[in-house]
Amino acid sequence: MITDKFNLRLGATSRGEFSYKRYFATVSRVSRAMLKVCSTTVLLLVVAFGAIASGQQQERVCAIARYTAECEQLQRGASEVVCVPVQDSVECAQRIRNGTADFGVFSAESVLLTSSLGWEGLTVVKELRSSERIREPVDFHTAVVVRSSHTGGVDGLRGLRYCHPGFYYSRTHRWTERVLKHFERLVVPVKCEDFNTVTEIEAAGTSTFFGESCRPGVWSQIPKEDADLKEKYSKLCALCPNVSSCSYDDVTNSHQSALQCLERNGDVVYSSVLEVQRFFADRTAIANDFSYLCPNGTLTPVNGPACYWMSQPWPTVMSSNAKAIQISTRIEAWLRNSQTSSSVWETAVIDILTRHNTDKIVAASSIQAPVAYIRPHRPLPIPSDFCQTTARWCTTSVEEQDKCKVLASAGLTTGVYPLLECNNPTTNRINCLREISSEQADFAGIDSNYGYLARQSNLAAALYQETEKEKYSSVVVLVHEGKGHDRFEKLRDSKACFPEFGGIASIAFVNVGRSRGVFDRNECNYGHLMSEFFSEACAPGSRDDLHDASGEHAESLCALCRYAEKPTPRELGNYQEDDEGLNTERPNGDDVEEPPVEGIDPALRQNDGVGSSVDRNLLCAASDTNRYYGTRGALRCLQEAGEVAIVEAQNLAEHAQFLAMNASDYRVLCRNGSLAAYTGFDVDEECYLTTIVDGEIVVRRQWDKSDNIVHVLSSLDVYLQNDPDFRMYNIFGGQRNLLFEDSALGLVSPQHAELGASVKNYIRLFENIEDCQNAAPSTTIAPGGTGGRAAILTVNFFLSVVLAGIIAWRL
């Protein structure tokens, strides 16, 4: 169904990832061979220690991209270690479990995540402590400080003035939402009624429970809601030095700033034990006036042993269960050698483990499973449906559901609401649109080519996937050279080829045509516009139930597709000599097995039963059973039967080369109505009809909880992309485009202050449809809940006319 991004786009994958796959295959074969021989734990240990003695065995350490130089050094001398490139901690854990890596570094949050997922086969073998605090048993404790005169325990906190270090997150300030809100969530009663967003539920509860407070930072990842909440619950900013911005003067050390509230009549502060000790070390005169409030309601002096609310253990080195003792022993040897007369490779492996001696390797209390390491410090979080806000994510494969489960667990461990629930896989993305529309699911990530169908299903965009620049989706108009099609107006009554009806190519063409006055601006039926303008077309899908539920699209939109089965005389033979007499073999569908169209849901492919059940015109099927489907199919249509093709520009030259199309026989018709300066398939960006992002996150239109989706996904982006614990947009388990497009760099909400041009172009594509239909609020923007969402004004009819006039004047 989806307009194709063929496997040629694998070229966008880095070279390092290709070598990584070859390495993956090699080490997998080695691992399987070893497992056949080493069938018991005892034998594994014997072999391991024998390998240490002989110095022959190389251990495999996970290494993210920042350690490229160190990995090169591991290839020198008699190195006992080799790098296994990974993108994040989750992939490292997967590789250790499947035997393609032996050990790696894991943050405390990553250890918590693998424990929450219930992944077995991993063992903590070392701790990595800060070189400045090597004697500290944990990374940090959280504590609550109150006045020593406080009475009533936890219940006595009601109405007191409260100061919080703030909701900030960075590489140096890695307190997740679960840590930052741990105290509040234990003491503040929750009232679910009258609120739609989780952020307002929590802000309202905190405002009701405490008196004037300072609770700075980001309350909501939606800028408009964040500002609205701080205005509505201004009491939570009243104690801040900068009330208008709800902030402290010094944001570089917000813990100290929060503790300074105690000197401005503050009553309660949530901070780290270390910062509390530092604060009162400089204020011994007032130390007796304050105490730690313990979770059981008792008080202890701040100048004595602390009682704490939560602990965070140190980062670790984890290995496979089978190699735990061996890896631990070898690390100790490498560490000793690196401190004396080490080899360059020993220094390199210690640099990878300690971040260039920022951390120090310390023996763990015992070699133990991740869950056993975590449990003494903080409990594994238990899923709970917070105020019935659980959001259901539609998935289309087991692999996609597995990735979803990782993100759901990450949301649980980082403490981000709402809870994510991964639906059982449906057959394809179109069914996801139906499930969301029928309230069987709440949201899904879709390719931009599903945008038209999503809006036909009464769905809206909650977030857009910002895309790598070189992977933008761009649309061009391609015509035969010298055939007189040198203006948009002259395309009337021509034979047109589209990758798919309703894809961005067809929508972009109609929008540009309407702005130039080529199409009737009062006609809102895009299918009717196209059928009236072109004499014949091949717009795959235009006659099936998915694209044309009413069955009103004209037969002419499929008429040209008949040549996919019965090619015209223009079709080239299998062999033809070029101008120099060279034999140019042209592959065709009978001679070469083409790769399936990348991104097409398996349920829409040949022999899956879906196409035959929904297509009223099989020759016009929107699946790879149709030779004219997708970008390559539209080019084949142009080559064999058509006069103009409207296609995506990505990999256009490669597709044309596959089809043996002569570049000098074709020319691009640019957006301004003129022909490109040169023939061929490589054109200037100014010629594109539009350039848009690759995907979006869609929800039901007018859904009052859509802001929750924005908040949870944006928060996960913030919490997981640092270090990194999990690259949520990247390849997962060797599979591409799961949940998001691999080209995604991040997510941006419609009301973001600085929307990129490609995002604005995508919004504009569908605003034009809505302007034409004189619709109510825009379906390219999901209206928010009570937190409020800013509507982006649609381009009205007057501005469209002015724009068309400017373009005409420039011509």
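The values are calculated or read from the model by the stated rules, or taken from the named source; none is laboratory data. Keep in mind the model is a prediction, meaning the values are calculated, not measured. All Cβ positions, even for glycine, are placed from backbone atoms using ideal geometry, and neighbour counts span all protein chains on display. The area values use the complete protein model at the heavy-atom level, side chains included, leaving out ligands, DNA and RNA. Shrake-Rupley method; radii C 1.70, N 1.55, O 1.52, S 1.80 Å.
Placing pseudo-labels 7 Å out from each Cα toward the beta carbon at GLU489 and LYS191 gives an inter-label distance of 6.6 nm.
Using the Cβ-Cβ distance between ARG135 and ARG264 with R0 = 35 Å, the FRET efficiency computed as 1/(1 + (r/R0)^6) comes to roughly 0.55. Subtracting the Cα-Cα distance of GLU565 and GLU532 from 0.36 nm times their residue separation leaves 9.4 nm of extension gain.
Over segment 140-310, accessible surface divided per residue gives 41 Å², non-protein components excluded, 1.4 Å probe. One decimal place: the segment LEU380-GLN735 gains 124.9 nm when fully extended, by the rule 0.36 nm per residue minus the C-alpha distance. Between ALA757 and THR252, the simple label model (points 7 Å from Cα in the Cβ direction) yields a spacing of 3.8 nm.
Note on ALA660/SER397: beta-carbon distance plugged into 1/(1 + (r/R0)^6) with R0 of 51 Å gives a FRET efficiency of 0.90. Share of carbon and sulfur in the accessible area of segment 207-334 stands at 50%, probe radius 1.4 Å.
Of all beta bridges that DSSP places with both ends in segment 140-310, some 70 percent have antiparallel geometry. Extension gain for GLU470-ASP520 works out to 14.6 nm (0.36 nm per residue, less the C-alpha to C-alpha distance). Looking at the square roots a ≥ b ≥ c of the eigenvalues of the Cα gyration tensor of segment 253-411, which shape do they give, rounded for a/c under 1.5, prolate if a/b is larger than b/c, or oblate? Because a/c hits 1.5 or more and a/b fails to exceed b/c, segment 253-411 counts as oblate. Counting only the backbone N, which residues of segment 626-656 are under 11 Å from the spot 7 Å out from the Cα of GLU685 toward its beta-carbon? Residues passing the 11 Å test: none.
Checking the Cα-Cα distances for LYS126/LYS360; LYS191/LYS232; LYS230/LYS760; LYS403/LYS705; LYS469/LYS760 against a 19 Å cut-off, the pairs over it are LYS230/LYS760; LYS403/LYS705. Computed FRET efficiency, Cβ-Cβ of THR358 and TYR678, R0 45 Å: what is it to the nearest 0.05? That pair, THR358 with TYR678, gives E of 0.25. Here the spin labels are modelled as points 7 Å beyond Cα on the Cα-Cβ line, and at GLU555 and SER341 they lie 9.1 nm apart.
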